[in-house]
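Notes follow the structure.
What follows draws every value from the coordinates through simple rules; no lab data is involved. Given the structure is predicted, the values throughout are model-derived calculations rather than measurements. Every residue, glycine as well, gets a Cβ built from its backbone with ideal geometry; the counts of neighbours run over all protein chains shown.
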2 protein chains.
Amino acid sequence: MINYKVPLRDIRFLIEDVFDFETHYQALPGTEEASPDVVEAIIIEAAKFSEDVLSPLYQSGDSGCTFKDGDVTTPEGFKEAYQQFIDAGWQGLSGPAEFGGQGLPSSLGIIKSELIGTANWPWAMYPGLSLGAMNTINLHGSEAQKKTYLGPLTEGTWAGTMCLTESQCGTDLGQVKTMATPNGDGSYSLSGSKIFISSGEHDLTENIIHIVLARTPDAPAGTRGISLFIVPKVGVNPDGTLADRNAVHCGSIEEKMGIHGSSTCLLNFDNAVGYLLGPLHQGLQCMFTFMNTARLGTAIQGVAAAELSYQGALPYARERRSMRALSGPRDTDKSADPLIVHGDVRRMLLTQKVIAEGGRAMLYHSAMLSDNMFAAQAKNDEDAIQLYEDRLGFMTPILKAFLTELGYEAANHGVQIYGGHGFIKEWGMEQIVRDTQIAKLYEGTTGIQALDLLGRKVLLGKLKSFNDFRSLVDQFIKSHSNKREMKPYISQLKIYMRAWRFKTWRLAYGAKRNRDLVGTASYDYLMYSGYIVMAFFWARMADAAFSKLAVGSNNEFYRAKVQSADFYFNRILPRAGAHGHMMTKNPESLMQMPEQNFSFH
Amino acid sequence: MINYKVPLRDIRFLIEDVFDFETHYQALPGTEEASPDVVEAIIIEAAKFSEDVLSPLYQSGDSGCTFKDGDVTTPEGFKEAYQQFIDAGWQGLSGPAEFGGQGLPSSLGIIKSELIGTANWPWAMYPGLSLGAMNTINLHGSEAQKKTYLGPLTEGTWAGTMCLTESQCGTDLGQVKTMATPNGDGSYSLSGSKIFISSGEHDLTENIIHIVLARTPDAPAGTRGISLFIVPKVGVNPDGTLADRNAVHCGSIEEKMGIHGSSTCLLNFDNAVGYLLGPLHQGLQCMFTFMNTARLGTAIQGVAAAELSYQGALPYARERRSMRALSGPRDTDKSADPLIVHGDVRRMLLTQKVIAEGGRAMLYHSAMLSDNMFAAQAKNDEDAIQLYEDRLGFMTPILKAFLTELGYEAANHGVQIYGGHGFIKEWGMEQIVRDTQIAKLYEGTTGIQALDLLGRKVLLGKLKSFNDFRSLVDQFIKSHSNKREMKPYISQLKIYMRAWRFKTWRLAYGAKRNRDLVGTASYDYLMYSGYIVMAFFWARMADAAFSKLAVGSNNEFYRAKVQSADFYFNRILPRAGAHGHMMTKNPESLMQMPEQNFSFH
């Protein structure tokens, strides 16, 4: 049983020493309220709730949801925890004040999501999906729709879902078949089946607001014929009270590898009443707003997995005794030394550690971008919106895919550190692996994120956001070139930044002559970019730690940060080399084999 | 549901075109009977049994074993399948003829194990563990013990287990506490508890022969005080009939991440009657004979996972449609192109393919070494025994750890290719991931194999077996340097062989000054070595394919082999670079952080 403790010291290091959230919040309109005191109080409270209420339900929740006669019952304790959560106003933390939210910065909401998600990811998916629905309605809904739905969603008495996938398509939403026929009164009748709907049915709230992708009659084929609809589980009267049950029902829940506490539903729409959300036939564009939030949300799962698995593995590595240290017995009075003396166990622990902490830094950086984005939207500043959309758009596929791949790796190290015991349910380590597997799949698989990064964000974007990120790193390199203790990091960063630029140009040039190159290079390009981006944040953390060490406070903590950066640069970053090598290979070695020759049975 | 089809064409390619088993068998005493006709017939029959009987029980067996009042019931159909298996004489395929075995080569037994293990790994563990017990008794037992136990074990009416692990130790067996007290009549009384005993209790056979590691009173502390004992579940009368139930009982079975069909038992010995096996206090040495077999057996699981997951993913990638090929729509009459047109999906499929086929080649090569080893043992040729023990000893940790790590990777690709559906139990893809996780843990974790390779086999062995393997590759390089179409492979092999030698020397030199280097380099050294070893076998497969292409038969099959080799050299082998880079790093970046500074809660 893993007792999650929120890594408060690490979080404070980021928001105070590395990123200076205080200055960031003061500079933005609408986030001034987030003073250091407020931020600290919120994190402390979120930590308490996560540790005391959610964490104890993590392993027991693995028993899963039950489905009966269209109803879903969540695992024992989930409902009570949810009630406590909304009673304390957590769901509306970053929600708009006019609908009952606290109007605090989006970045604080992301930190909150990290804490509750690390404590209990399957549970955290219920409020998480609601946030997606809230954001979508907030951005694309009419005033009347906002008024009807955002209050209870912000409060958390209602929940929300996103209904995209159908059995024939997940990634390729142009193949969606669910039909929305106008009723003549402004409403639509929706018919069809959606699968893999997270939180599609549950017992936590009195209503569930489904945001549904569907096709209208005579709409153009493919993605251009798709629109977005609001389909409430229970109809809503003009005064906001609940009306009749709508014709959307859960047909079954999936038996999955993990996240058993989260219901994954088949939803059947049988002439369910729905309301157009946003412009007709622009459902997919509207959806993309949600997707960026959702993908950032999913990236959190990578950090969460690494952190939780590390917290599970570290005490075991300190307590469990096996063999002797290679440099000579350490605890001669004991029959064996603790696991942590062994180099290979340290390799796995430190890998988990630098993934968790490096990933968190990447996440908080992006969270700040999202604050900037919301501020730009509030001011209707088109240039600023574009700028932050581009910056966030560049980071999103890296965070989503790279951090979930590495989080999954970290979770596997946790199992490995436990040896055979890691395979046993009781310890909770294997559950993290099972629960994290999905992070690489939903909200766009790793392969899709990779195509999004290289094909869309970098190449179609004419390297703009790529160059933008590069200049951020270059600035850092420039301003730290003379800092003696930063030399090893700066020199490595320089080399990788030069290679990244060169290889990106090479891919841009090559893709013009052979479009397949985008597909054959994309995964390696994403991983390559991820390792370099994480190196930049580890360099920044090392720099912040050195600055603190120079003034002499809490030396051990900061020294450990520098040593972690050391580990990252020496033992993780070199992986980028292999990816960089492979991504520039001729597509032929991947594309030449005729489909029928993949097997000869 | 995955319908496993034995890749007969691939297997024939290896035993005929690449390794020439016919010549190998003819040259060895005792294996002449294994004519090509016999080999073919056995493989065909094993394939039928695997496909028709075992494969259909794979997914249903995931429901698991049940435990009640000390008894274990295996999943539905397991018992009947086992009866068919022993009725056909499969258990004794490579068993000694004097005890009812067919006396066929050990390598054929390994191929059989591959087929049944790919079809249904959890089921295959029952006969697999028995083989371990049989081998141990055959090598270390008295004539009387062999006479008592080997007949029914070879027949399969009895099963066997290996009882090593206790709750306080798995890897570090010097900490074993189970006590064996002499009864004065030559027998011993065993008391203690063993955990994680695969097949420790089940309903497949009338008796179970436990091979148990235990300590005798007044034995020296640590590994030198440990002996091996035979403890039958049911006592055996001098005439071979069953006597009284022995005092060894199953206390519970573990709830695990996977291999639910295989029982993992807590066994309690309460003054159970046991018999010393092999010399007193040399239990661990005797155990190591078993361990090599068991580790080779576990390596099969890596190949099995890659093969099965590939067979699950390939039809899906051919049938499931999503998006358009980057080079332009292919199936314009359909709403989307099949997954297999996409570069990144091909990357995952081909990775699975080259792991399965490359791993199989490594396995069959080692299987031939094991034939040589058995022949040497039969002749009591000490020099030959040493030679083949060294060769096998060098390959074993690479096979066990590298192939299970890569098999696990391949299984994960299978899930990824299915997208969200990969996470759903129904399709069977996630089960392969869960079932394969254990392969990296049991019979010595990846970390332990890595230490065994670098610390024991390479460095303590003074690079002898390493140089021996190198000369095998160098010979190949030399004899193929002039073959024009082999140029790309030979030139790469040359570079890597030089680097491998150089880096090994460097580690040998560095380890003398800093023992920690062995531990900090071991994992990367193992993976590095694995990629190079697999490259050698892919080069040999390419060579065999080129030779066949030159004479013009079945071009497509051989061309696909060459293209697979191409993929391996271009897109997998470069990973070795990163490992090679990291393993020669100063241990400091791993060892410098004080234990207490790994977290600051």
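What to note about this one:
- Of the Cα atoms belonging to the range B:362-466, the radius of gyration and Dmax stand at 17.8, 56 Å.
- Semi-axis lengths (Å, descending) of the ellipsoid that matches the C-alpha gyration tensor of the range A:384-543: 30, 23, 14
- Here the Debye sum runs over all C-alpha atoms of the range B:288-583 as equal scatterers in vacuum, and log10 of I(q)/I(0) at q = 0.08 Å⁻¹ comes out as -0.38.
- Chain A: relative contact order in percent, alpha carbon pairs under 8 Å with at least 6 residues between: 12 percent
- Size descriptor for the range A:104-223, Kirkwood hydrodynamic radius: 15.8 Å (Cα pairs only, one decimal).
- On Cα atoms only, tilt of A:283-319 relative to the major axis of chain A in degrees: 40 degrees
- Value of [θ]222 nm, deg cm²/dmol, for chain A, DSSP H segments ≥ 4, -39500 (n - 2.57) each, nearest 500: -17500 deg cm²/dmol
- Cross-link pairs exceeding 19 Å in C-alpha to C-alpha distance, out of A:Lys334/B:Lys177; B:Lys79/B:Lys194; A:Lys256/A:Lys440, comprise B:Lys79/B:Lys194.
- Spread of Cα-to-Cα distances over 5 Å intervals beginning at zero, given as percent, for the range B:8-153: 2, 9, 17, 19, 17, 16, 11, 5, 2, 1, 0
- Fraction of the pair-distance distribution of the protein assembly as shown above 64 Å, Cα-Cα pairs, percent: 8 percent
- Estimated D of the range B:213-365 in µm² per second, where Rh is the Kirkwood radius over Cα pairs and Stokes-Einstein applies at 25 °C, 0.890 mPa s: 118 µm²/s
- If the Kirkwood radius is taken over C-alpha pairs of the range B:91-156, then at 20 °C and 1.002 mPa s the Stokes-Einstein diffusion coefficient equals 179 µm²/s.
- The ranking of B:Lys79, B:Lys462, B:Lys112 from fewest to most other beta carbons within 10 Å of each one's beta carbon is B:Lys462, B:Lys79, B:Lys112.
- Taking the fewest neighbouring Cβ atoms within 10 Å as the starting point, the ordered list for B:Ser491, A:Ser113 is B:Ser491, A:Ser113.
- The range A:471-601: radius of gyration and largest Cα-Cα distance (Dmax), Å: 19.2, 69
- Entry note, the range A:463-591: relative contact order of 31 percent, from Cα contacts under 8 Å with a spacing of 6+ residues.
- Between the helical axis of A:516-551 and the longest alpha-carbon principal axis of chain A there is an angle of about 60 degrees.
- For A:511-523, mean number of other protein chain Cβ atoms within 10 Å: 4
- Between the range A:504-524 and the range B:108-185, the Cα center-to-center distance that results, in Å: 53 Å
- Within the straight-line cut-off of under 20 Å between alpha carbons, the aspartates and glutamates reachable from A:Lys512 are A:Asp452, A:Asp524, A:Glu588, B:Asp344, sequence neighbours fewer than 8 places apart in one chain being disregarded.
- Reported value for the range B:154-274: 114 Å³ per residue, from the convex hull of its C-alpha atoms.
- With 5 Å bins beginning at zero, the pair-distance distribution over Cα atoms of the range B:467-548 amounts to 3, 14, 24, 20, 14, 10, 7, 5, 2, 1, 0 %.
- Å³ per residue enclosed by the Cα convex hull of chain A: 181 Å³
- Of the GluC sites (Glu not before Pro) found in the range B:368-422, no site is in coil according to DSSP while having at most 12 other Cβ atoms within 10 Å of its Cβ.
- In chain A, the longest principal axis of the Cα atoms and the axis of helix A:382-397 are about 60 degrees apart.
- Residues A:Ser193, B:Ser522 arranged by fewest to most Cβ contacts within 10 Å: A:Ser193, B:Ser522
- Mean separation of Cα contacts under 8 Å (6+ apart) over length of the range B:8-153, as relative contact order %: 21 percent
- Dipole orientation for the protein assembly as shown: of the candidates B:Gly447, A:Ala560, A:Ser547, A:Ser547 has the Cα lying most toward the positive pole (charges on Cβ; Lys, Arg +1; Asp, Glu -1).
- Unit charges on C-beta of K, R, D, E only; dipole of the range B:344-485, Debye: 420 debye
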